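Reading through the structure tokens given below for one structure.
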Amino acid sequence: MQAFSKVLRLVELLLIVFSVWSCTQERDADVGQADKRTVVSLHLGIKTQMSSGCSSCELVNKYQWNFLYRIFSGKEDIEFVVYCSDENKREVEQNLLYDVLILVDKSPETDELVVCHGRKTMFQKAGVLDMFSMRQITELLMDSALENEQPLRK
Amino acid sequence: MIKKLLCLITILAIFHFPSYADLKKVVSIGSDDINYRFFGVAGAVLDDQGNVYICDSKGSFLRKYDSDGKFIKEIGRYGQGPGEFSNTISGLYLCDGLFVLDTGNNRIVELDQELNIRRYIKLSKLALSIMGFSDNLYMISRTPGRFSFEVGVYDRNGNYIKSFFDRRPVFIERIEQSKIGQALSLIYSSIAATVERETGEVAITFQWPGENIEIFRFSKDGEFIKKIVSDHIIKYDFPEFRLKGLPTNLRFPDQSNLIMIRSIHSLDEKRLLLEYWVNEYNLDKVVKENEYILIVDRNSGQLVHRELLPLKSGIADARKSYICAISNEGDVPEVVIYRLDY
């Protein structure tokens, strides 16, 4: 009888150890998922128009940003976030494509585009995005999209 | 009697209604593929082989495509150094090489047709557009101390030689008195120009025509040759249109039209192409907007052909029967080559 209860305790202990282990595995898996996400963010600058005083001027990086969104927004793990001040909100809503819009009190002097993969900053650029930068960003996002697609292929 | 009437109607129809079916799309460049993607096309030019060179001001790059629209090469990034452009590239011109006006860096970049940079030409003053022929470069800029524009002649090193075209539209004289009138007179004095590729002859027109469209022809050295007048737009299309300057209270009549000549191009030694834009207003609201091309005889100013352009396009270059149009509207900016058969 004693031997049976010892075996029972041992099984109980094993079960506890297993459940604790599986919980940590799950949390690790969650963390792993979060690390795999790529966030592309545009921090709209104060000098966001091509020339001051022109009401019909476009946002300087409008075409560049919308191009990235159209190409990569279909990928599950890439998120597009725009940060802008309240006064630019309407213009952003009318002109830019995005997943998340965050209103901020303080804007940078010029537009800033940041690409983060998990907690790591992969790319950062202020000002107008030229084609050289766009090629860099596109490659980064392509790699990110491919990397995240690998488990699906197995 | 009926036959005569029909004949008259046919003649009237030919003269009054433009034929829009003669502009055939040959190649269209612009898509979401990275090599075909533009962010703000500032200029495009065709060479003799049908290759097209395109500069993009927002992307700070220059590209070459073949006659089928296939990507060949790209150069440029944003900056002030060698191989870099500012994001205010404003023009492209082809003449024994490729010339890019980089206004942000206040220089002209000379390249060969393989997009290898030959040299930089530093500018002494702000140029609005460039043209060239043989050893001369021509730049449109503001006339110092005046509310008008002139064409400056420079050598290939950017050294100033002379200026010509010291004219303003006649109607400007009526609105020049006040401060706002002076500002308006500067706007309404703006000019467009083109250089004939074979002879170097320069043709200049006011972008805001008065009662007629006036075209001034100069030799490659800036000597005045002839003024030609084309009154067809007003005579046939808009008999009610008269632009004699803005009214003093800055209010247009209830119904009015506004015509602007956006660019002029030399098709060949006989023909000039004018690109113009017409807005029909009801009070302050635009009720109709159209863009046209008008081909006129270089010697007589007679109308040769007229064509409607797709809206929101602009003509960047024209050569013989080919027209290179750019459009920065919509989600994907594009460059379209048309063939003009008439």
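The values are calculated or read from the model by the stated rules, or taken from the named source; none is laboratory data. Predicted model, so just to flag it, every value in this text is computed and none were measured. Quick reminder, even Gly has a Cβ in these numbers, built from the backbone with ideal geometry, and neighbours come from all protein chains shown. For accessibility, only protein heavy atoms count, side chains too; no ligands or nucleic acids. Shrake-Rupley method; radii C 1.70, N 1.55, O 1.52, S 1.80 Å.
Any residue at all in the stretch B:300-312 that is without any contact (Cβ under 8 Å) to a residue 24 or more places away in the chain and open to solvent by less than 30 Å² (accessible area, probe 1.4 Å)? There is no residue in the stretch B:300-312 that is without any contact (Cβ under 8 Å) to a residue 24 or more places away in the chain and open to solvent by less than 30 Å² (accessible area, probe 1.4 Å). Filter the stretch A:46-73 for residues that are at pLDDT 85 or above, among the hydrophobic types (A, V, I, L, M, F, W, C) and over 17 Å from B:Asp56 (Cα atoms); which is most open to solvent (accessible area, probe 1.4 Å)? My answer is A:Ile71. One residue stands out among those in the stretch B:320-342 that are β-branched (Val, Ile, Thr) and either outside any strand (DSSP E or B) or open to solvent by 20 Å² or more (accessible area, probe 1.4 Å) (or both): the one that is nearest to B:Gly69 (Cα to Cα), which is B:Ile326. Tallying residues that are open to solvent by less than 20 Å² (accessible area, probe 1.4 Å) and farther than 18 Å from B:Tyr53 by Cβ within the stretch B:106-120 yields 0. Restricting B:Ile140, B:Ile191, B:Ile225, B:Ile161 to residues that are closer than 25 Å to B:Val45 by Cα, at pLDDT 90 or above and open to solvent by 10 Å² or more (accessible area, probe 1.4 Å) narrows the list to B:Ile191. All but one of (1) open to solvent by less than 30 Å² (accessible area, probe 1.4 Å); (2) more than 14 Å from every other protein chain (Cβ to nearest Cβ); (3) touching a residue at least 40 places away in the same chain (Cβ under 8 Å) hold for B:Ile89, so report the exception by its number. So the condition that B:Ile89 fails would be (2).
Total residues in the stretch A:1-22 satisfying the condition of being at pLDDT below 70 and of a type outside the set (A, V, I, L, M, F, W, C): the figure is 3.
Yes/no matrix, rows are residues, columns are (1) facing another protein chain (nearest Cβ under 10 Å); (2) closer than 16 Å to B:Ser327 by Cα:
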| residue | (1), (2) |
| --- | --- |
| B:Ser31 | no, yes |
| B:Arg37 | yes, yes |
| B:Asp47 | no, no |
| B:Asn51 | no, no |
| B:Gly59 | yes, yes |
| B:Ser67 | no, no |
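Taking the criterion of being within 13 Å of chain A (Cβ to nearest Cβ), without any contact (Cβ under 8 Å) to a residue 24 or more places away in the chain and within 14 Å of B:Ser31 (Cβ to Cβ), no residue of the stretch B:69-83 qualifies. Of the residues making up the stretch A:81-90, those that are of a type in the set (D, E, K, R) and either at pLDDT 90 or above or open to solvent by less than 40 Å² (accessible area, probe 1.4 Å) (or both) are A:Asp86, A:Lys89, A:Arg90. Where strands (runs of 3 or more DSSP E) sit wholly within the stretch A:88-142, those with at least 3 residues that are of a type outside the set (A, V, I, L, M) occupy A:112-117, A:120-126. Scanning the stretch B:164-188 for residues that are at pLDDT below 80 and either among the basic types (Lys, Arg) or on the phi > 0 side of the Ramachandran plot (or both) turns up B:Arg174, B:Lys179.
Hey, can you tell me all the residues within the stretch A:105-126 that are within 14 Å of chain B (Cβ to nearest Cβ) and touching a residue at least 60 places away in the same chain (Cβ under 8 Å)? Selection gives A:Thr110, A:Asp111, A:Leu113, A:Ala126. Criterion applied to A:Ile78, A:Ile102 was being surrounded by fewer than 21 Cβ atoms within 10 Å (Cβ to Cβ), in contact with a strand residue (DSSP E or B) (Cβ under 8 Å, 6 or more places away or on another chain) and away from chain B (no Cβ under 14 Å), and the one residue passing it is A:Ile102. For the stretch B:134-171, the candidate set comprises residues that are among the basic types (Lys, Arg) and either over 19 Å from the mean Cα position of the chain (by Cα) or outside any loop (DSSP other than H, G, I, E, B) (or both); within that set, the residue that is farthest from B:Arg77 (Cα to Cα) is B:Arg146. Test B:Asn299 against the criterion of being at negative phi and not in a strand (DSSP E or B), and give yes or no. It is true that B:Asn299 is at negative phi and not in a strand (DSSP E or B). One residue alone among B:Ser134, B:Ser124, B:Ser67 is farther than 19 Å from B:Thr194 by Cα, at pLDDT below 90, surrounded by fewer than 19 Cβ atoms within 10 Å (Cβ to Cβ) and of a type in the set (Gly, Ala, Ser), and that residue is B:Ser124.
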